[in-house]
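Handing you a structure now.
Only the coordinates and a few stated rules stand behind these numbers; no lab work does. Every value quoted in this text rests on a predicted model; they were computed, and no experiment measured them. Reconstructed Cβ throughout: ideal geometry from the backbone, glycine too, with neighbour counts over all protein chains shown.
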């Protein structure tokens, strides 16, 4: 059977300025039965090119490119420095934003700053990569930049040669501004995300505005995760994966986390300076003006999330802490509906706290079972604050003996000041410490 040449009319759904439906000739569109391919005549080819140009003109933003090879692209740049110069010359606004499509490859640090009296500050720009694994920026250094959006790319502190590389911060933000991060991986060799009130190396500016940052479906990783000193940060469905400290909040920092995984896993044999999932009010990071950045300030809300701190592979001899809060300050630390898993170090002197510091709102019900968390895989040396932790022991006798296979379930409350010498748990049913069996025959 021989296929006859078939001609099919085309309806353009997008208006083309110079070529209309009536101008399309029968000879312009055909099917080659030998080569099994479509052929386009001159009018239709011109029409498609006009459509492409019309689409670009109709975009709600101006489009630039950052690529390793610009041969086939217009408005294309091969370095972040030349790209930033172009962005500054266009002065994007809320009504005339810019979008930068970033191709595969690794590109130098992106600076939106005039620190050191050089560079540019710009706003309303979206930087969109191909994916986290294919498009990389070697650091983001920014101050007072509004509505910077980042999508589908990786930001790392390693190898850029700038300040991000020197200090080990993947993202270094100071003073005011706003940013949004969608499906982005941020990596650092120190803090992956570091935000401060004043300029670099000047510590704190008391009059610095509070910046705002939103992270969606993004991953933050490094020895330390996020430091917030003067910013409002929101994380949704994200991940923070570190080996020392995951979240550190101080001064006017305000961090809100929802539906995210927060993890600290100490490297084999390592003994870092500190090990904590969440810290609030404990890092002034300021020796120059301590009076304007005192300890005991900061706000943290984390809900519907998981905090896992595992020091079992390391040799850290200090306190392994899930939530560490300054006592006696003006901190806010709320963790309702957040689960914790804390595993201490095998090193001598190591202890484990789910919460350390009474100025927190962090109720938690551990798993029910025949043994308290102090001897389970959840936390093998648990200390903490009175009344914050509860668990139900399932093998107690009515008299309070919970070690000989009873059939009653007794609610236990962590009360280290009352029962510290007896395991820390108070038996609510008997009103005595868990190990007190004096009422038993």
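Rank the residues 84, 74, 307 as a footprinting-exposure proxy: fewest other Cβ atoms within 10 Å of their Cβ go first.
Going from sparsest to densest Cβ surroundings: 74, 84, 307.
For the range 137-285, just say rounded, prolate or oblate: build the C-alpha gyration tensor, square-root its eigenvalues into a ≥ b ≥ c, call rounded for a/c under 1.5, and beyond that prolate if a/b exceeds b/c, oblate if not. Please list the in-between numbers first.
Details: a/c = 1.28, a/b = 1.18, b/c = 1.08.
Note, shape of the range 137-285 comes out rounded.
Mind grabbing the base-10 log of I(q)/I(0) for the range 386-441 at q = 0.14, 0.24, 0.25, 0.31 Å⁻¹? Debye formula, identical points on the C-alpha positions, no solvent, two decimal places.
So the normalised log intensities work out to -0.30, -0.86, -0.92, -1.28.
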